[in-house]
Amino acid sequence: MKELSLNILDITENSVKAKATLVEIAIEENDDILTIAVTDNGIGMTEQTLLSVTNPFYTTRTTRKVGLGIPLLKFAAEQTGGGIEIVSKHVYKYPKEHGTRIFAKFFKKHIDFTPLGDVISSIVTLVQGHPDVDFVFKHTHPQKNLSVLFDTREVREVLEGIPLDSFEILTWIKDNLTEQYAQGQ
């Protein structure tokens, strides 16, 4: 993928398909390293799935025979000298504390580092496509004094029943994230 924000979108879509009601997306970076963590409370993966999930020819989809989301994220991280770590607890084995966490580390100064891209559009797209799922998005970069935080649970409290996927709310979300990023630059 040309931007890491598209990887984030793809990985988060997997969380939603796994019946997550809460997905946390955390980007932490400094001048040298960027990390992305996507954590959900979905059904999790079995041990067998966890062993196979980085194989591009493994997928749970029935519409095509390849699953490229996690393998592409792994490749993007590894080509910079980083890597990924996946921890998952399946609902059958862990009925009260199930879910998945995917953590990727990238070395930003490597020639093969993929740029982060338009993460704002990815977050807005997730909210628009899944207005009933809660998303928590954090992006920090201490050296740039950047601290972006967006939590749909807080927005829901204020909206008192107005759907998150309404045009006005999506526009507000985009503007709010844009403003937070502008303050950190």
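The values are calculated or read from the model by the stated rules, or taken from the named source; none is laboratory data. No experiment lies behind these values; they were computed from the predicted model shown. Virtual Cβ from ideal backbone geometry, glycine too; neighbours counted across all protein chains shown.
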By residue number, the members of the range 16-50 that are out of contact with any Lys or Arg (no Cβ under 6 Å at 6 or more places or on another chain), small (G, A, S) and at pLDDT below 95 are A18
Of (1) at pLDDT 95 or above; (2) under 26 Å from L146 (Cα atoms), L73 satisfies every one except (1)
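Does P142 satisfy the criteria of being closer than 21 Å to L4 by Cβ and of a type outside the set (A, V, I, L, M, F, W, C)?
On the way: closer than 21 Å to L4 by Cβ: yes; of a type outside the set (A, V, I, L, M, F, W, C): yes.
Judged against the criteria, P142 is a match.
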Among (1) assigned to a loop (DSSP other than H, G, I, E, B); (2) modelled with pLDDT under 95; (3) farther than 27 Å from K109 by Cβ, which single condition is E13 missing? (1)
I'd like the residue in the range 133-168 that is touching a Leu at 6+ places or on another chain (Cβ under 8 Å) and assigned to a loop (DSSP other than H, G, I, E, B) and, out of all such residues, is nearest to V38 (Cα to Cα). V133
Does at least one position in the range 172-185 carry a residue that is under 17 Å from E29 (Cα atoms), in contact with a Gly (Cβ under 9 Å, 6 or more places away or on another chain), surrounded by 13 or more Cβ atoms within 10 Å (Cβ to Cβ) and not small (G, A, S)? no
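Residue-by-condition table, conditions (1) closer than 24 Å to G44 by Cα; (2) free of Cβ contacts under 8 Å to residues at least 12 places away in the same chain; (3) among the aromatic types (F, W, Y); (4) exposed (fewer than 12 other Cβ atoms within 10 Å of the Cβ):
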| residue | (1), (2), (3), (4) |
| --- | --- |
| G69 | yes, no, no, no |
| F75 | yes, yes, yes, no |
| V155 | no, no, no, no |
| E160 | no, yes, no, yes |
| L170 | no, no, no, no |
Testing I123 on (1) assigned to a strand (DSSP E or B); (2) closer than 21 Å to L73 by Cβ, one condition comes back false. Which one is that? (1)
Just checking, does the range 31-38 include any residue being buried (at least 17 other Cβ atoms within 10 Å of the Cβ), under 25 Å from F107 (Cα atoms) and charged (D, E, K, R)? no
Out of the residues in the range 75-111 that are within 21 Å of L9 (Cβ to Cβ) and charged (D, E, K, R), which is nearest to the chain's Cα centre (by Cα)? R101
Condition (residue is at pLDDT 95 or above, buried (at least 19 other Cβ atoms within 10 Å of the Cβ) and among the hydroxyl-bearing types (S, T, Y)) applied to the range 124-142: is it met by at least one residue? no
